[in-house]
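S.K.: My structure is below; once you've seen it, I'll send some questions.
The values are calculated or read from the model by the stated rules, or taken from the named source; none is laboratory data. All values reported here derive from a predicted model rather than from experimental measurement. Here Cβ is always computed from backbone atoms with ideal geometry, including for glycine, and neighbour counts include all displayed protein chains. With ligands, DNA and RNA removed, areas are computed over all heavy atoms of the protein, side chains included. Shrake-Rupley method; radii C 1.70, N 1.55, O 1.52, S 1.80 Å.
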Amino acid sequence: MRAAMRGHAVIAALTALALSATACGSSDSDTSDASSGDTYTIGVLNSTTGALGAVGQQEAKGMRLAVEEINAAGGVKGRKLKLAEVDDQGSVNLTTAGFKKLATDTKVPIVIGPGISANAKAVAPLADQYGVTQILLVAQPDVANGTEHVFQTPLPGKANSEAMVAYAKSKGVKNAAIIWANNPYGQAGDTDVSNAAKAAGISIVNSEGFDPGKFDFTAQAGKAAGKKPDAIFLYGAGGSSDALVLKSVGATGYTGHIIGDLTYSADFIPETAGPAADKVVSLTAVNYGAPEPETKKFLDAYRAKFGDEATVLGAYAYVAVKLAAAGIEKAASYKGDDISKAIESLNYRSIVGTLAYTDKYRGGPNADAFKPVTFKNGEYAAPDQG
């Protein structure tokens with residue numbers, strides 16, 4: 001999933017690996033060096049610089065907001081939380097080195113991240129090896145499933161596809177076309193949407209990939225719209241190319257349903273897609289159009305603190321810190337083994353859905369947690385019910 005949301009990704013200068021917090025002494029039954037008399041430290045693996053730096057910053061903001069809220073409410077077991085943040089710059093090698101440093105030098109019993117699939121696959125085995133609880137920010141449950149200490153907060157990509165198809169079926173769609181980003185995320189989306197559509201009795205009449213690095217998608221839009229399907233599914237890459245694809249579909253005069261994955265809920269979509277943004281319905285984990293009280297509280301707090309809209313990735317990271325805090329609160333001690341057991345037993349309700357883990361399943365919520373969102377005159381809105 002992380003590969004999906006590139007937002008307005010900026011290629012930043014690569015900087016040296018840095019830890020923003022250092023080890024603390026231990027106290028009472030909390031024997032981790034990352035525990036002091038008044039503080040619990042949570043390790044973080046994130047890409048805040050490098051090609052994915054803009055995306056990592058979204059996650060960092062979500063985590064920092066969660067820590068601020070938790071500490072303002074009295075902390076966890078009377079102690080403040082702080083983050084030991086490692087910038088892995090998107091590098092698998094730096095992610096691995098960062099995890100080992102957090103586990104052995106800072107000695108944190110819990111780590112949040114990384115949010116890149118390849119990096120997550122590289123370090124997930126280390127969590128069990130070092131007895132450290134890890135909450136990944138990727139949407140591939142197979143990375144965490146079957147482990148002892150690894151969990152995920154993002155909703156699985158496959159569930160997003162299933163939610164898109166379920167929405168289409170609810171609108172009476174009988175046949176559809178797919179336009180998908182030609183990268184691993186988009187390719188998986190094409191496969192998952194096709195399979196879900198087949199199971200739902202929806203025929204796929206055309207499937208077109210697009211290069212996220214290009215700017216002209218007239219051909220893909222024309223081929224999809226030319227089949228005159230009831231719906232066009234869009235599976236994006238998380239950047240401006242997604243909005244340009246949507247704009248191209250709108251330019252064909254297509255009047256059917258346009259149904260996007262969660263990348264089409266990004267707040268920059270209307271700016272680039274123009275009026276076509278009002279035609280897409282995105283299935284996303286954050287209900288921007290008609291938020292429930294806790295979701296609205298998060299969105300308002302994020303906007304007030306950072307001056308922009310929270311992304312889905314920011315929400316996933318926010319939830320990861322809240323989940324970690326709940327696990328620490330319930331655990332018998334501040335140790336990875338006990339925190340992992342506590343998290344597995346929580347059945348934690350969050351703004352992105354209920355996180356119900358078992359010893360076999362460690363992924364995020366299912367397709368029911370996705371909500372339909374659209375835009376009206378550039379602002380988030382709930383889709384019309386017709």
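S.K.: Is it the case, given these coordinates, that Tyr254 is under 26 Å from Asp190 (Cα atoms), free of Cβ contacts under 8 Å to residues at least 40 places away in the same chain, in contact with an Asp or Glu (Cβ under 9 Å, 6 or more places away or on another chain) and of a type in the set (Phe, Trp, Tyr)? Can you show your working first?
M.R.: Numbers: under 26 Å from Asp190 (Cα atoms): yes; free of Cβ contacts under 8 Å to residues at least 40 places away in the same chain: yes; in contact with an Asp or Glu (Cβ under 9 Å, 6 or more places away or on another chain): no; of a type in the set (Phe, Trp, Tyr): yes.
So Tyr254 does not fit the description; no.
S.K.: Could you say whether any residue in segment 51-69 is modelled with pLDDT of 95 or more and in a loop (DSSP other than H, G, I, E, B)?
M.R.: no
S.K.: Related question: Can you run down the residue pairs with Cβ atoms below 6 Å, 6 or more apart or on separate chains, where the first is in segment 216-236 and among the aromatic types (Phe, Trp, Tyr) and the partner is part of a loop (DSSP other than H, G, I, E, B)?
M.R.: Going by the 6 Å Cβ cut-off, the qualifying pairs are Tyr235/Asp261.
S.K.: Can I ask one more? In segment 215-231, is there at least one residue being crowded, with 18+ Cβ neighbours inside 10 Å, under 22 Å from the mean Cα position of the chain (by Cα) and among the hydrophobic types (A, V, I, L, M, F, W, C)?
M.R.: No; the residues of segment 215-231 include none that is crowded, with 18+ Cβ neighbours inside 10 Å, under 22 Å from the mean Cα position of the chain (by Cα) and among the hydrophobic types (A, V, I, L, M, F, W, C).
S.K.: Please verify whether segment 190-210 includes one or more residues that are over 23 Å from Pro141 (Cβ atoms), open to solvent by 50 Å² or more (accessible area, probe 1.4 Å) and aromatic (Phe, Trp, Tyr).
M.R.: The answer is no; no qualifying residue exists.
S.K.: Sort through Tyr264, Tyr316, Tyr302 and tell me the only one that's under 19 Å from the mean Cα position of the chain (by Cα), closer than 22 Å to Gly172 by Cβ and in a helix (DSSP H, G or I). Please lay out each step first, then the result.
M.R.: Values: Tyr316 fails: closer than 22 Å to Gly172 by Cβ; Tyr302 fails: closer than 22 Å to Gly172 by Cβ.
The match here is Tyr264.
S.K.: Specify which of the listed residues (Ala324, Ala290, Ala276) is part of a helix (DSSP H, G or I), within 26 Å of Ser170 (Cβ to Cβ) and touching a strand residue (DSSP E or B) at 6+ places or on another chain (Cβ under 9 Å). It would help to see each step written out before you state the result.
M.R.: On the way: Ala324 fails: within 26 Å of Ser170 (Cβ to Cβ); Ala290 fails: part of a helix (DSSP H, G or I).
Answer to the check: Ala276.
S.K.: Then there's this: Across segment 44-59, which residue is nearest to Val321 (Cα to Cα) among those that are touching a residue at least 60 places away in the same chain (Cβ under 8 Å), open to solvent by less than 10 Å² (accessible area, probe 1.4 Å) and not acidic (Asp, Glu)? Write out each step before concluding.
M.R.: Of all residues in segment 44-59, those touching a residue at least 60 places away in the same chain (Cβ under 8 Å) come to 44-47, 52, 55, 58-59.
Applying the additional criterion that residues be open to solvent by less than 10 Å² (accessible area, probe 1.4 Å) yields 44-47, 55, 59.
Retained after the next criterion (residues that are not acidic (Asp, Glu)): 44-47, 55.
Working: Val44: 10, Leu45: 13, Asn46: 13, Ser47: 17, Val55: 17 Å.
By that ranking, first place goes to Val44.
S.K.: Taking segment 298-319 on its own, how many of its residues are crowded, with 18+ Cβ neighbours inside 10 Å and free of Cβ contacts under 8 Å to residues at least 40 places away in the same chain?
M.R.: Let us first name the residues in segment 298-319 that are crowded, with 18+ Cβ neighbours inside 10 Å, namely 298-299, 302, 310-319.
Filter again for free of Cβ contacts under 8 Å to residues at least 40 places away in the same chain, leaving 299.
Adding up the residues that qualify gives 1.
S.K.: Select from segment 355-369 the residues that are under 15 Å from the mean Cα position of the chain (by Cα), modelled with pLDDT under 95 and of a type outside the set (Gly, Ala, Ser) and write down the one among them that is farthest from Thr133 (Cα to Cα).
M.R.: Asn366
S.K.: Could you list, ordered by first residue, the pairs with Cβ atoms under 9 Å in which the first is in segment 258-271 and at positive phi and the second is assigned to a helix (DSSP H, G or I) and open to solvent by less than 10 Å² (accessible area, probe 1.4 Å), at least 6 apart or interchain?
M.R.: Note: no pairs meet the criteria.
S.K.: Okay, moving on. List every residue pair whose Cβ atoms sit under 8 Å apart, with the two residues 6 or more apart in sequence or on different chains, where the first one lies in segment 320-341 and is under 16 Å from Tyr130 (Cβ atoms) and the second, anywhere, is of a type in the set (Asp, Glu) and open to solvent by 40 Å² or more (accessible area, probe 1.4 Å).
M.R.: Between residues of segment 320-341 that are under 16 Å from Tyr130 (Cβ atoms) and residues that are of a type in the set (Asp, Glu) and open to solvent by 40 Å² or more (accessible area, probe 1.4 Å), the close pairs are Ser340/Glu148.
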